[in-house]
Amino acid sequence: MNKPFISIIVPVYNAEKHLRRCIDSILEQSFRDFEVILVDDGSADGSPSILDEYRDSDERVKVIHKENEGVSKARNTALDIAVGKWIQFADADDWLSNNAMASFVDTADKHDCEMVVADFYRVVNERFSKKGSIKKDGLLSKLEYADEMMDNPADFYYGVLWNKFYRKDIIDEYHLRMNDDVSWCEDFLFNLEYIYHIDSIYILKTPVYYYFKNRDSIVNNLSIGKVINSKINIYNYYQLFLSSVFDKEEYNQMIFRISRFLIDSADDSRVTPLEAKLGEEKISISSEYTEDENLFSDLYLERKYLEHVLKETAVRYDLKEDELMVLYIIDKYDGEITLKEISDISGTSQLIIYGQIQSLLSDEYLSIVSTDVYRILDKGEDVLSLLNDNLKKAEDNLYEGISEEERDIFKKLYKKILRNIIMKTGR
């Protein structure tokens, strides 16, 4: 029997409330060549029977029942039997986006890297926000990644396991395992040890994971004393890791940045009541969409292509995509537009639009002439010029191989389709 391409490991402890959501999100992945190893760490609720039910109904599911020894030993137990080429992790309270595995596999294959690190969604109740620490997609060396990490070492983005893709042969070659003597931030220690042995890391800005904040999490129940002791121990290893990556002179110049690890608290970021609701996620374009032969007939895909162009331009100027969209709308109306009109066009609340405009004013992309009248400043003109160039290139790519006459016909039909949508939905 062929070995699965991915082994995904899920430790489970008294997780019956959210367990099915997690397992279903794995089994319903668009990429199918995987095994899922579910480790019951001595659960006292209904979790064990749920796990057995999935094992009996899907041959890709492996279940291990063991006494309660903690999440690190649970993961290590799974690593001992995993046979996939790549290792992925998930927590039982969370869930994966439908294309999480496909995104990881496609990225690792295209860029021949030894690790993939992706953005994720932070979820509180029905609200979510996209989280990431490194701003651009791209291949980084170990040194470049370490330099980025020093700006925010306590960020969950660097510390956790579930937004990363690991090569099993590297884990096996260097006998890497979770340190079960550490009761806090043990994931970060594993990541440092893994990165120490590799050279290339690809940063993927596509969110692949939904991290659900659970008040009953073991992390929330640790004593302050245990956290402090663990943090000091991990800081010592963090220093050793960085001193091995940078030369002595560089390392000495970075002492203050390195010390931030002790100062910063673990940061999983907040989700405010103004954030988007689940189901309103913006999905990044990937090769499987852009290669679709029926691209023109799918309005959804075209909208995603536009979002991709906005993102590409916003990154260049360190702008948020939504702020760039507001600037773009104001420009299209020659600066004369109300807050409500911007809200209606963008589909975003007036309160959020107001905040975005204040940010654009503060960063000197925009100025206010009078009530509901704006002036695009030189800095704003520059970013809009780049956006329009990128939109033109995107349109040329979309219409490649189509005559001008066919293009005009499509645009007229497209406008009619949009009118129908507006008339039918009232949006």
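The values are calculated or read from the model by the stated rules, or taken from the named source; none is laboratory data. This is a predicted model, so every value here is computed, not measured. Methodologically, a virtual Cβ is constructed for each residue, glycine included, from the backbone with ideal geometry; neighbour enumeration extends over all protein chains shown. The area values use the complete protein model at the heavy-atom level, side chains included, leaving out ligands, DNA and RNA. Shrake-Rupley method; radii C 1.70, N 1.55, O 1.52, S 1.80 Å.
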Give me D for the stretch 109-166 in µm² s⁻¹, whole number, from Stokes-Einstein with Rh from the Kirkwood sum over alpha-carbon pairs, 4 °C and 1.567 mPa s.
-> 102 µm²/s
Bin all alpha-carbon pair distances of the stretch 62-117 at 10 Å intervals from 0 and give each bin's fraction as a whole percent.
-> 17, 44, 32, 8, 0
For the LYS85, LYS110 Cβ pair and Förster radius 22 Å, calculated FRET efficiency rounded to 0.05 is 0.90
Those GluC sites (Glu not before Pro) from the stretch 119-181 that are DSSP loop and have at most 12 other Cβ neighbours within 10 Å turn out to be GLU126
Considering only protein heavy atoms, with the full assembly of protein chains and a 1.4 angstrom probe, order SER367, SER47 by accessible area, largest first.
-> SER367, SER47
Principal axis lengths of the stretch 1-143 from Cα atoms, whole Å, largest first?
-> 44, 42, 29
Note down the nm distance, to one decimal, between modelled labels 7 Å out along Cα→Cβ at ARG257 and at ASN125.
-> 3.9 nm
Diffusion constant of the stretch 15-83 at 10 °C, which comes from Stokes-Einstein with the Kirkwood Cα-pair radius and 1.306 mPa s, µm²/s = 127 µm²/s
Just the accessible area per residue of the stretch 1-130, please: how many Å² with a 1.4 Å probe?
-> 42 Å²
Which order, highest average first, do 65-78, 2-15 follow once you tally other Cβ atoms within 10 Å for each residue and take the mean per peptide?
-> 2-15, 65-78
Hey, rough spin-label estimate for ASP52 and ILE409, points 7 angstrom out along Cα→Cβ, what's it come to in nanometres?
-> 6.4 nm
Protection proxy ranking, peptides 373-383, 52-62, average beta carbon neighbours within 10 Å, highest first | 373-383, 52-62
Hey, what do the phi angles of the stretch 131-145 turn into as Karplus ³J(HN,Hα) couplings, whole Hz, using 6.51/-1.76/1.60 and θ = phi - 60°, x for Gly and Pro?
-> 10, x, 10, 9, 7, 10, 4, x, 8, 10, 7, 4, 5, 5, 5
Rounded to whole Hz, the Karplus (6.51, -1.76, 1.60) HN-Hα couplings of the stretch 325-334, x for glycine and proline | 5, 4, 4, 5, 5, 4, 5, 5, 9, 6
Along the Cα-to-Cβ line of SER359, 7 Å from the Cα, sits a label point; which residues in the stretch 131-166 have backbone N less than 14 Å from it?
-> 131-132
Provide the FRET efficiency to the nearest 0.05 for the VAL315-GLU59 pair, computing r from the beta carbons and using R0 = 41 Å.
-> 0.45
If the chain between ARG375 and GLU173 were fully extended at 0.36 nm per residue, the gain over the current Cα-Cα distance would be 66.7 nm
